[in-house]
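The values are calculated or read from the model by the stated rules, or taken from the named source; none is laboratory data. As the structure is a prediction and not an experimental result, all values here were calculated from the model. Every residue, glycine as well, gets a Cβ built from its backbone with ideal geometry; the counts of neighbours run over all protein chains shown. Each accessible area value is taken on the protein alone, full model and side chains, heavy atoms only, with ligands, DNA and RNA left out. Shrake-Rupley method; radii C 1.70, N 1.55, O 1.52, S 1.80 Å.
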Amino acid sequence: MPEGHTLHRLAGQIETALAGRRTLSSSPQGRFADAARILDERTLTGATARGKHVLVAFEGLAEQVHVHLGLFGRWDVHEGVPPVVGQVRWRLAAADGSTSLDLRGPTACELLTPLEVDALLSRIGPDPLDPTATALDAEAVVLGSRRSIDVLLMDQSVIGGVGNVYRAEVLFRHGVDPATPGRQLGADRWRAMWDDLVVLMRDGVRSGRIDTVRPEHTPEAMGRDPRADDHGGEVYVYRRAGQPCLVCGTTVLTRVVAARNLFWCPECQSAGRVRG
DNA sequence: ATCCGATGTCAAT
DNA sequence: TTGACCTCGGATC
């Protein structure tokens, strides 16, 4: 589901399956019907992802489709064109019937003018999956902030594409206390975290899941049952509240930060902790 | 059959 | 800080 890697993966799949091809658009659920009529029968020219947003472009149309999945949107890629099931906001299909995509429950599915696209892109922070972005692009904001790193990581104008799983996991992998203010993080640690996000998220694009557990801590290496915490990927702390830390055995904690459930190990994650 | 949570964001207060 | 929104599936009754 939808952190940045999901959207980059989808953009890639759309390009591979549909770029340069004539497409059919419809809105079985109805709320995208007017736009779908404009898009129908057009050749798709490209799909790009920035942060958690996807933009799809069509020949002869200045506007692009902006899609944001939100918390529970889904975008399923099908071989062929199966019968519609449930609420499908936008069905996009190759005109030859080879491939189709069903978009459900998105926060955003709308046509944006070039000006609106520019405005959208300008409010998304550097994205670890953008090959032109670097740790330096967010460094001044992060290292100058009094806000805590667990809040900064979720702020899409600071870093684009990181969501609740990558937040918890990158903090764990770097032993960082989630409450550490950005200004106390230190440049070395920030850069290491950024580089790690690049690696983890690229891996997520490739696999379609979030795996963050290092080889020495995998179920195979530790003799654990891999199905014990199966959330579609192998993780250290995400959704493991009350269970023992995979590394030290301390009970994993949870609390709401930036309106989402944060998970962390109070023993392993002490770097940056304020004393007293 | 019903409830609840979910890898997100924004507006209103 | 809270509520609203979008939809589905797993847990619970």
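For A:Gly46, the amide hydrogen comes within under 5 Å of the amide hydrogens of A:Ala57, counting only partners 5 or more places away or on other chains and with H modelled in the peptide plane. Note the angle between two axes, namely the Cα long axis of helix A:164-173 and the longest principal axis of the Cα atoms of chain A, as a number of degrees from 0 to 90, rounded to the nearest 10. On a 0 to 90 degree scale, this one is about 30. Summary of packing: across the peptides A:148-160, A:95-107, the per-residue average of other C-beta atoms within 10 Å ranks them, highest first, as A:148-160, A:95-107.
What shape does the range A:53-95 have by the C-alpha gyration tensor, where a ≥ b ≥ c are the square roots of the eigenvalues, rounded means a/c under 1.5, and otherwise prolate means a/b greater than b/c and oblate the rest? Judged from the Cα gyration tensor, the range A:53-95 comes out oblate (a/c at least 1.5, b/c at or above a/b). Convex hull of alpha carbon positions in chain A: directionally averaged projected area 15.7 nm².
As a length-normalised measure over Cα pairs under 8 Å and 6 or more apart, the relative contact order of chain A settles at 16 percent.
Taking the DSSP beta bridges with both ends in chain A, the antiparallel portion is around 95 percent. For the range A:116-127, the Karplus equation 6.51 cos²θ - 1.76 cosθ + 1.60, evaluated at θ = phi - 60°, returns couplings of 5, 4, 4, 5, 4, 5, 6, 9, 9, x, x, 10 Hz by residue, with Gly and Pro reported as x. Across all directions, the average flat footprint of the convex hull enclosing the Cα atoms of the range A:136-264 is 7.7 nm². What shape does the range A:4-122 take by its C-alpha gyration tensor, where a ≥ b ≥ c are the square roots of the eigenvalues and a/c under 1.5 counts as rounded, a/b above b/c as prolate, and the rest as oblate? Note, shape of the range A:4-122 comes out rounded.
Split the accessible area of chain A by element, probe 1.4 Å, and carbon with sulfur accounts for 50%. Per residue, the solvent-accessible area of chain A (1.4 Å probe, heavy atoms of protein chains only, all protein chains present) comes to 46 Å². Only protein heavy atoms count here; on that basis, with a 1.4 Å probe, A:Glu63 has an accessible area of about 60 Å².
Under the rule of at least 5 residues apart or a separate chain, name every residue whose amide H is placed under 5 Å from the amide H of A:Arg147. The answer is A:Gly182.
Here the Karplus relation 6.51 cos²θ - 1.76 cosθ + 1.60, evaluated at θ = phi - 60°, turns the backbone of the range A:45-62 into coupling constants of 9, x, 9, 10, 10, 9, x, 9, 9, 10, 10, 10, 10, 10, 4, x, 9, 6 Hz, with x for every Gly and Pro.
Sticking with the crude label model, points 7 Å out along Cα→Cβ, report the distance from A:Arg74 to A:Ser207 in nm, one decimal please. Between A:Arg74 and A:Ser207, the simple spin-label model gives 2.2 nm. Taking 7 Å steps out from each Cα toward its Cβ at A:Asp96 and A:Ser157 produces label points 4.5 nm apart. Across the range A:8-21, rounded Karplus estimates of 3J(HN,Hα) from the backbone phi angles (6.51 cos²θ - 1.76 cosθ + 1.60, θ = phi - 60°) give 5, 4, 5, 4, x, 5, 5, 4, 4, 7, 10, 4, x, 10 Hz, Gly and Pro being marked x.
From helices alone, chain A scores -8000 deg cm²/dmol at 222 nm; the rule is -39500 (n - 2.57) for each run of n ≥ 4 DSSP H residues, then divide by the residue total.
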